[in-house]
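Structure first, commentary second.
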Amino acid sequence: RYLVPVRLALGVFASEALLRKYGLDYFVPLCRAVHRGDLNAFEEQLATHQQRFIRHGSYLLVERSKLIVYRNFFRRVALLHPDKSTKLDIKRFQACLKATNTEMEVDEIECILANLIYCGYIKGYISHAHGKLVVSKGAPFPPLRELGLTSAV
C-alpha cells in the first residue's frame, strides 16, 4: 500500500490483478483514472479514499499524481488534433475540459501546462500572445518511465 502511490506518482501503474491479489482494490479505479487522464474520476476517488490515504501517510503522494492525470488528459486532446500540428490551441483544451464538466480559465490551463513543461511531462512552450501550446515534433509527451524521479515536483 506504500509502493503503489510512489509508483503512481512516477507514472508506473500496477496491474489490476496484482492490486486485487494484495487487497488493494481501492487503487484500481484510481490507477485507471490516472492512466486515462480522467480528472473527474481521479478527484472522485481521491475524495472517496482521502481518509484512508491520510491514515497510511500516502495522501500527498497520491495527490501528486494529479499532474500526471493532467498530462495524460492533454496528451489525449493533442492526439485528437486533426492535422497533427505542433501548435495546439489552448481554447481547445478548455473546451475539452468543459466537456468533462471541469470549468477552467485559460490562465489556469496555461499555469498547469507551464508546470507540465517545467517538470518535463511536455516538451514545448506556451505562446501566450497566440493562445497556443507549441510542442516538439519528436516526442511532445515523453514516456513517463523515461522521466525518472527528478521530474516529479
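Using the Kirkwood formula on the Cα atoms of the chain, what hydrodynamic radius do you get, in angstrom to one decimal?
Kirkwood hydrodynamic radius for the chain: 16.1 Å.
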*the chain: calculated mean residue ellipticity at 222 nm from DSSP helix runs of at least 4, using -39500 (n - 2.57)*: -16000 deg cm²/dmol
*Determine the share of the chain's accessible area contributed by carbon and sulfur atoms, expressed in whole percent, with a 1.4 angstrom probe.*
54
*Just name one of 48, 142, 29: the one whose Cα is farthest towards the positive end of the charge dipole of the chain (beta-carbon charges, Lys/Arg +1, Asp/Glu -1).*
142
*Of 6, 125, 90, which is farthest on the positive side of the dipole of the chain, counting Cα position, with +1 on Lys and Arg Cβ, -1 on Asp and Glu Cβ, and the Cα centre as origin?*
6
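Report the gain in length on full extension from residue 103 to residue 89: 0.36 nm times residue separation, minus Cα-Cα distance, nm rounded to one decimal.
Gain on extension, residue 103 to residue 89, equals 3.4 nm.
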_If you count only protein heavy atoms and use a 1.4 Å probe, how large is the accessible surface of residue 59, to the nearest 10 Å²?_
60
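Please get the size of the charge dipole for the stretch 1-130, origin at its Cα centre, with Cβ charges of +1 on Lys and Arg and -1 on Asp and Glu, quoted in debye to the nearest 20.
Using Cβ point charges on Lys, Arg, Asp and Glu, the stretch 1-130 gives about 580 debye.
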*Long-range HN-HN contacts of residue 141 with modeled amide H, under 5 Å*: 123
_Probe 1.4 Å, protein heavy atoms only - accessible area per residue of the chain in square angstrom_ = 57
*Go through the stretch 128-135 residue by residue and turn each phi into a ³J(HN,Hα) via Karplus (6.51, -1.76, 1.60, θ = phi - 60°); whole Hz please, and just put x for glycine and proline.*
4, 4, 9, x, 10, 9, 9, 10
*asked:* Taking amide H atoms as placed 1.01 Å from N in the peptide plane, list the residues 5 or more away in sequence, or in a different chain, whose amide H sits under 5 Å from that of residue 88.
replied: 133, 134, 135
*Please state the charge dipole magnitude for the stretch 37-109, taken about the Cα centre, from unit charges on C-beta atoms (+1 on K and R, -1 on D and E), reported in debye and rounded to the nearest 20.*
340
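The values are calculated or read from the model by the stated rules, or taken from the named source; none is laboratory data. Only a predicted model underlies this, so the values are computations on that prediction, with no experimental measurement involved. Here the Cβ is made from the backbone with ideal geometry for all residues, glycine too, and neighbour counts use every protein chain on show. When the accessible area is computed, the model is the full protein with side chains, heavy atoms only, and any ligands, DNA or RNA have been set aside. Shrake-Rupley method; radii C 1.70, N 1.55, O 1.52, S 1.80 Å.
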